[in-house]
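Peer 1: The structure that follows is given in the form of structure tokens.
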Amino acid sequence: MTTRDHDLARLLDGIRAGDRALLARAITLIESKRADDHKTARQLVQELLPLTGRAVRVGITGAPGVGKSTTIDALGTHLTGRGHRVAVLAVDPSSARTGGSILADKTRMARLAADDNAFIRPSPAAGTLGGVAAKTRECMLLCEAAGFDVILVETVGTGQSETAVADMTDFFLALMLPGAGDELQGLKKGLVELADMIAVNKADGDNIPRAKLAASQFAAALHILSPRSPNWSPPVVTCSAFTGDGIDTLWSHILDHRQRLTASGELKGRRGEQQVKWMWTMLEERLFEPLRSDRAVKSALPRIEADVAAGRLAPSAAVEKIAAMLAQ
Ligand SMILES: Nc1nc2c(ncn2[C@@H]2O[C@H](COP(=O)(O)OP(=O)(O)OP(=O)(O)O)[C@@H](O)[C@H]2O)c(=O)[nH]1
Ligand SMILES: [Mg+2]
């Protein structure tokens, strides 16, 4: 047995036993940029695949500062209190996520961070969205294999990362602020097509009437748009991550959704489609890899781009040139 095989066996055993330290180490392997680690990471995911798929996967989005992390802390703690094991992951491709903001996340999720039945993993360091999302998805599988039965994935409210997270979760929750009337704050068509529930957060103190007003406006707006699923009309609720009001209702809607989509077979279909999409995303990443790693191509690209921009080189000729370099 090589050292690598030995490491793999140790990680597999550790994850199966629900060991969070070894889970964290396995995730580091998944996020590694070293080619030889990739192979071990693939083996790890493949081996653990039979233990995955049973968790409730929830994506949570919303504008910066809307209270995603605080809500995750409240919801997660509510769930661990009921015997669940909760893993929190993040997708943030802009992620020049510094130590500072990771620390900020841990303080926003102070209760969960100290909870033995929770596991928090910040977004992998910057990469392409496809890359970051693929890694998050693999982390999710490892967490499931380690016995976490609820996965909460936080993402910033930008269109592309929202789609990526909706593509890896069963339920997509959009958080909003009580400031009603502000052109229905980013209630963009795209988001409505993804959201399985809208929750107006910070419904506490003086905010309560404004939160209720916002909720009724969102409900009216949703009414005229066609929902994501034929089996589910997205509810609009209010909550407060501070007081905990409405947090249990979030969960009961998630369970209700799960029950209906399971009964209709839609959940199974959704997950199947997600698997296929995931395959394509990984294939694209894989095919693009030589472009990013081939030294000759990398050093030639700026010049080629400049030539194309200046009209000295036709785009089609540039493609030929690059393809020829890659084929060498
Ligand atoms: N009044 C009130 N404030 C809240 C509530 N939830 C969060 N906040 C505050 O809102 C601010 C942002 O909270 P976060 O949980 O960090 O928000 P976020 O959406 O995760 O922010 P980013 O990750 O930076 O996009 C913090 O100061 C929180 O204390 C709430 O329910 N009520
Ligand atoms: Mg946050």
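Peer 1: In what sequence do 106, 135 fall when counting other Cβ within 10 Å, fewest first? Could you put the intermediate results ahead of the total?
Peer 2: Numbers: 106 16, 135 22.
Ordered from fewest to most neighbouring Cβ atoms within 10 Å, 106, 135 come out as 106, 135.
Peer 1: Something else now. Just subtract the alpha-carbon distance of residue 37 and residue 255 from 0.36 nm times their residue separation and send over the number in nm, one decimal. Mind showing how you got there, number by number?
Peer 2: Numbers: separation 218, 0.36 × 218 = 78.48 nm, distance 3.75 nm.
The span from residue 37 to residue 255 would gain 74.7 nm if fully extended.
Peer 1: If you rank 256, 73, 116 by fewest surrounding Cβ atoms within 10 Å, what's the result? Show your work: numbers first, answer last.
Peer 2: Numbers: 256 13, 73 27, 116 8.
Least crowded to most crowded, the residues run 116, 256, 73.
Peer 1: Once phi is turned into θ = phi - 60°, what whole-Hz ³J(HN,Hα) does the Karplus curve with 6.51, -1.76 and 1.60 give for every residue of region 136-144, x standing for Gly and Pro?
Peer 2: 4, 5, 5, 4, 4, 4, 4, 4, 5
Peer 1: Test of understanding: ordering 109, 325 by Cβ neighbours within 10 Å, fewest first, what list do you get? Walk me through the numbers before you get to the answer.
Peer 2: Numbers: 109 24, 325 16.
Lowest to highest Cβ neighbour count: 325, 109.
Peer 1: If you restrict to DSSP beta bridges whose two residues both lie in the chain, what percentage is antiparallel, to the nearest 5? Could the numbers behind the result be given before it?
Peer 2: Details: 1 of 27 bridges.
For the chain, the DSSP antiparallel bridge percentage is about 5.
Peer 1: 5 Å is the cut-off here: which amide hydrogens, built 1.01 Å from N in the peptide plane, fall below it relative to residue 56, excluding neighbours closer than 5 in sequence?
Peer 2: For residue 56, the qualifying residues are 150, 151.
Peer 1: Any idea how far the Cα center of region 198-277 sits from the one of region 298-317, in Å?
Peer 2: If you average the Cα positions of each part, the centres end up 48 Å apart.
Peer 1: With n ≥ 4 as the cut-off for DSSP H runs, can you work out [θ] at 222 nm for the chain, using -39500 (n - 2.57) per run divided by the number of residues, rounded to the nearest 500?
Peer 2: Theoretical 222 nm ellipticity from helices: -18500 deg cm²/dmol.
Peer 1: How much FRET efficiency would the formula 1/(1 + (r/R0)^6) give for residue 245 and residue 219, where r is the Cβ-Cβ distance and R0 is 22 Å, rounded to 0.05?
Peer 2: That pair, residue 245 with residue 219, gives E of 0.75.
Peer 1: List, in order, the whole-Hz ³J(HN,Hα) value for each residue of region 72-85 obtained from phi through the Karplus relation with A = 6.51, B = -1.76, C = 1.60 and θ = phi - 60°; use x for Gly and Pro.
Peer 2: Those phi angles translate into 4, 4, 5, 5, x, 5, 4, 6, 5, x, 9, x, 7, 10 Hz.
Peer 1: Please list, ordered by chain and number, the residues whose modelled amide H lies under 5 Å from the amide H of residue 237; skip anything fewer than 5 residues away on the same chain.
Peer 2: 198, 199, 200
Peer 1: Here's something else I'd like to know. Show the residues, 5+ positions off or on another chain, whose built amide H is closer than 5 Å to the amide H of residue 172.
Peer 2: Hits under the 5 Å cutoff: 59, 196, 197.
Only the coordinates and a few stated rules stand behind these numbers; no lab work does. What you see is a predicted model; the values in this text were computed from it and never measured. Methodologically, a virtual Cβ is constructed for each residue, glycine included, from the backbone with ideal geometry; neighbour enumeration extends over all protein chains shown.
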